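What follows is one structure encoded as structure tokens, with my remarks underneath.
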Amino acid sequence: MTTVRIVPARYIRPPRAPDGSEVPGWRPHQRLIVLADTVPAKDGGHRALPLWVIAGHKDLLGRLGRPAADAELATGLLETAVRLLGTAGTAVSAVDIEPAGDDVPELRSDTVTARVELATPTGSRPVTVGAEYGLALAAVAGAPVRVADEVMDRLAVPVAGGDVLAPFLPLASAGPAGRPPRRFEPRNIAFADGLDHWQLSGTFLRQGTGFDYSATAEDGRAILAAAGPEPAGFAFLAQDIDADDYRGRTVTFRGELRTAQADGRAGLALRAASPGRPAPRRAASPDPWEDPANHFAAATGTGAWTRYEVTAQVPADANLIRFGVFLNGGGQVELRHPALAPHPRASNNAI
């Protein structure tokens, strides 16, 4: 077995093979995780194994980038589970990533599982779970993640240097001579490719059945709708981009909204997130309405298309910008002609 480290990426884009070709079998709304060997080769390079998982498991995937913590107070379901296991004398000793068969051409949520090894007072016991849950559990428990040597030999890609994400991300478009490429522009902003590069998330994924809200795209607009009059939690339909091109600047997200029976509980949302500044938490889940990093423009009235906009300052240490539309309760909200625009940089020659 090869022990690997988890390297999550924020990107939700079509993967590409090292030769630049499209990977067959890719489906929209997948997020990249790279499993890289922990022992570098003699030339300093690594082997990197791409794993594509469902982007809707945002809370699980967000846990992958943080180290294990032995806090006095458990702040999430996985942390609570690990503490309860420890109280019962059981520990997560390892998590093994296992493909469904020897002929699997790539690792995706539907072609791979995670076998969690539990060390109990009476011996080791395996439990099979989804790959996302297994990796998140390993991150919380500080347990090693392992991949069979034959799987690494067959599917891993040699990577020179330390950037193990580079072989799997889209090639950057070349810009004018002497200028770096613009890598972090919004994508599929007119919904010409359905909801590609947009993701549906929110507290409804863990508070309810997971089907309390739905999102679709048609005729150049996105539609976020509740499945019933009193859905659990709230929902975001949003796109994430890297903040590198926008740090220290003011940005405005605008678009046209049309709501139906949303009662003012829908609108535009914009967030510029920085590492080390997590959202405040109440009893069990983040409260986005009280997080100062979140900015909202609530839609009022129903029936007619109305233009709204929301503005936020991007901190100098920001690593992510999220923009989209939210719905908190019944009804539906439609979005068309969205645009994210940075304000001009302040001039140093102002009189």
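The values are calculated or read from the model by the stated rules, or taken from the named source; none is laboratory data. Remember, predicted model here, so these are calculated numbers, not experimental data. Methodologically, a virtual Cβ is constructed for each residue, glycine included, from the backbone with ideal geometry; neighbour enumeration extends over all protein chains shown.
May I ask you to list the residues in region 231-254 that are among the acidic types (Asp, Glu) and out of contact with any Asp or Glu (no Cβ under 9 Å at 6 or more places or on another chain)? Selection gives Asp240, Asp242, Asp244.
Consider region 136-150 and keep the residues that are of a type in the set (Val, Ile, Thr) and within 15 Å of Pro8 (Cβ to Cβ). The one that is surrounded by the most Cβ atoms within 10 Å (Cβ to Cβ) is Val140.
I'd like to check something: does region 34-47 contain any residue that is at pLDDT below 85, of a type in the set (Gly, Ala, Ser), surrounded by 18 or more Cβ atoms within 10 Å (Cβ to Cβ) and on the phi < 0 side of the Ramachandran plot?
No, region 34-47 contains no residue that is at pLDDT below 85, of a type in the set (Gly, Ala, Ser), surrounded by 18 or more Cβ atoms within 10 Å (Cβ to Cβ) and on the phi < 0 side of the Ramachandran plot.
Kindly indicate whether any position in region 65-72 is modelled with pLDDT under 70, under 27 Å from Arg206 (Cβ atoms) and either in a strand (DSSP E or B) or of a type in the set (Lys, Arg) (or both). The answer is yes; a qualifying residue exists. Scanning region 221-248 for residues being crowded, with 18+ Cβ neighbours inside 10 Å and in a loop (DSSP other than H, G, I, E, B) gives a total of 4.
Scan region 256-263 and tell me whether some residue there is touching a residue at least 24 places away in the same chain (Cβ under 8 Å), closer than 26 Å to Asn319 by Cα and not in a strand (DSSP E or B).
Checked region 256-263: no residue is touching a residue at least 24 places away in the same chain (Cβ under 8 Å), closer than 26 Å to Asn319 by Cα and not in a strand (DSSP E or B).
Out of (1) at pLDDT 75 or above; (2) in contact with a Pro (Cβ under 9 Å, 6 or more places away or on another chain), what's the single condition that is false for Ala172? Result: Ala172 fails condition (1) only. For region 140-169, filtering for residues that are under 27 Å from Ala100 (Cβ atoms), at pLDDT 70 or above and in a loop (DSSP other than H, G, I, E, B) leaves 6.
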